[in-house]
């Protein structure tokens, strides 16, 4: 057993406040190093020696726009390159913290947590600001730390300055890519094939993006990528009825009976029941029929399996629309960030706004 009789040998003390999550100050005699006596008295750990010689960079002081600190704490979402603090968040950044990444903008959170998520200060410092009467919610001064706010709805001020609580715009990254054939829509491929992430420029790879749904190896077109888990779930769930629209080139003519089967619903050879599919014939020329197909279910390789069962040979398959977004003139193999309006369209279509 160690000298702390209530903990087993080798156990470490918990240096975080269990309510706020902030580190508490070490008491005399505490440290990760040895507590052996020397001729001059008890030795200090290396960590305590460092903290005695210089201030802790993880200050609890609030953002200078809202208090007297020299600068905001780390992880606040701003940019201090070149020694100049810029309080405008950099665009399309990955989550600044795990806590911010999983904050639901629609769920009420405690006021001190909201200020911490916005990068104003720690929760402990937020409690002090609230107690001092420096924080307002929807025009009313608040002095009770237990008050809850909705991040994307309530207006919070500190010393009269409005705090940006729009978590959905600061936290997540949204990308549209135009996938070529012979590219897999996975993060990694054990066979060493090109993945959809390999197409992204370096500035997009800073976020931990995942493809929304999939396109098979020989299909091409629109793929969305994001680190927004809630949106991904809704975009891929049939409950939200977001159609994915494809252009399919078929060798030869397509019989009316095949069109009727797809439009009325069919059962695949494997036994899967398919809902009716909206199918339009766009053109018939040079021995090729071009179809436009609207899918709602998201069943793996649905179009290829339908055409297989109907004895139709696919020459090419391209997705050009997902929900409210169109591929437009994005070049093959290229990717771009979604703009604010496009993100809002997706969120409204899935009930997140």
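Bear in mind these aren't lab numbers, they're just calculated from the coordinates by the rules spelled out. Remember, it's a predicted structure, so these values are computed and weren't measured experimentally. Methodologically, a virtual Cβ is constructed for each residue, glycine included, from the backbone with ideal geometry; neighbour enumeration extends over all protein chains shown.
Got a sec? Which residues in segment 277-303 would a label at residue 267 touch, if it sits 7 Å along Cα→Cβ and we count backbone N under 18 Å? Counting only backbone N, you get 277.
Quick note on segment 174-349: its Rg to Rh ratio, both from C-alpha atoms and Rh being the Kirkwood radius, is 0.97.
Using Cβ counts within 10 Å as a stand-in for footprinting exposure, how do 273, 220, 292 rank, fewest first?
Numbers: 273 10, 220 21, 292 15.
Listing 273, 220, 292 from fewest to most nearby Cβ atoms yields 273, 292, 220.
In what sequence, highest mean first, do 191-201, 177-187 appear when ranked by Cβ atoms within 10 angstrom? Could you put the intermediate results ahead of the total?
Working: 191-201: 14.5, 177-187: 18.7.
Order by mean packing, descending: 177-187, 191-201.
Can you sort 332, 113, 188 from fewest to most other Cβ atoms within 10 Å of each residue's own Cβ?
Lowest count first: 188, 332, 113.
With both labels modelled 7 Å from their Cα along Cα-to-Cβ, the residue 144 to residue 283 distance reads 6.8 nm.
Normalised by the number of residues in segment 183-335, the mean separation of alpha-carbon contacts (under 8 Å, six or more apart) gives a relative contact order of 27 percent. Residues 246, 233, ranked from the fewest to the most other C-beta atoms within 10 Å, line up as 233, 246.
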